1. What's log10 of I(q)/I(0) for the range 43-113 at q = 0.17, 0.22 Å⁻¹, Debye sum over Cα points only, no solvent?
2. Apply the Karplus curve 6.51 cos²θ - 1.76 cosθ + 1.60, θ = phi - 60°, to the phi angles in the range 134-142 and return the couplings in whole Hz, x for Gly and Pro.
3. Please report the antiparallel percentage of DSSP beta bridges with both residues in the range 8-325, rounded to the nearest 5.
4. Just to confirm the number: angle between the C-alpha axis of helix 193-209 and the first principal axis of the chain, 0 to 90 degrees, nearest 10?
5. Express the relative contact order of the chain as a whole percentage, based on alpha carbon pairs under 8 Å and six or more residues apart in sequence.
6. Mean 1/r over all different Cα pairs, inverted: what Kirkwood radius does the chain give, in Å?
7. Hey, rough spin-label estimate for ARG213 and LYS90, points 7 angstrom out along Cα→Cβ, what's it come to in nanometres?
8. Using Cβ counts within 10 Å as a stand-in for footprinting exposure, how do LYS82, LYS16 rank, fewest first?
Amino acid sequence: MPQSKNDVVLEVKDLKMHFPITRGLFRKVVGMVKAVDGISFALKRGETLGLVGESGCGKTTVGRCISRLYQPTSGEIYFKGKNIADVPEKELKPLRRNISMIFQDPYSSLDPRQNAGSIVGEPMVVHRLVKSRDEYKEKVKHLFEIVGLNPELTTRYPHEFSGGQRQRIGIARALAADPDVIICDEPVSALDVSIQAQIINLLMDLKSEGEKRLTYIFIAHDLSVVKHISDRIAVMYLGRIVELTTPRELYNNPLHPYTQALLSAVPVPDPEVEENRERIILEGEVPSPLFPPNGCALHQRCPIATPECSKTVPPLRECSEDHWVACLRI
């Protein structure tokens, strides 16, 4: 398993999430979309794991399975040693407190009928974390201050805030129940670049200043953002993790062909370097998760594929210290 067991707060084993496709009056199942098709990783307390890959690779589905917004098809999700993958819906309330989520779109993830103070304070009410109205107001005010918002804005409604302010409200809401793990589902992708930096810095400050040692799963498709905030990065392709290592190792020594292609597409601000560096372009289109190819999911587009790659699914194995790769050729 690609992680020490010491102080592991979250461990995922062979997680799969397949969505059925139905047809006809009796909703006959005619196929399965394999959004997540067997991933494993472990996360230490206080660590940030970046989860990257192109759109449709299954990143968000992984986050929603861990938070149990989705019931996984199979696999195990251990939170503090307890398997939560098959916990019944009625027993999920304590889990909702310990695993929070920051959603991608700050415009649609906030209830337009609630004011900002009510949105932030709702988790405290649901989980009965406050004993009086005064304590409730004081904690909401404190959460606004933590995320850099004026506490006097608690009576305003979401449409009265900018995108960056709305995302700060979403972060305050995620912090309200004092969680152990926060899943950040592309929290800056809908924001301007300057606002993105503010939100990233805020998340890093919250992690370093808090006594509880917050643990993040940071889902994104922007590799430069993930490099800045993550302790380790997992690269996903078509529902599977193909490479897992530290940001420094990933950028300096990418081993998987897909990771190499992904990094070569990241623009470099230096015009001379950008003009002279090698660009790796994978041929063809990303296969459909409805009909994934046999063997390695990348073998139809991979420049180093062999006939064996079309027959065998490569396991995620450690090629060097804390550098895990799923490729038969490496």
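1. -0.78, -1.20
2. 5, 5, 4, 5, 5, 5, 4, 4, 5
3. Within the range 8-325, antiparallel bridges account for around 60 percent of the total.
4. Here the helix axis deviates by roughly 70 degrees.
5. Numbers: 622 pairs, mean separation 65.1, N = 330.
Relative contact order of the chain: 20 percent.
6. Hydrodynamic radius (Kirkwood, Cα pairs) of the chain is 21.2 Å.
7. 3.6
8. Details: LYS82 9, LYS16 17.
Ranked by crowding around the Cβ, least crowded first: LYS82, LYS16.
A short reminder: the numbers here are calculations on the coordinates, not readings from a lab. Everything quoted here is computed from the prediction, not taken from an experiment. Positions of Cβ are generated from backbone atoms using ideal geometry, with glycine treated the same way; all protein chains shown enter the neighbour counts.
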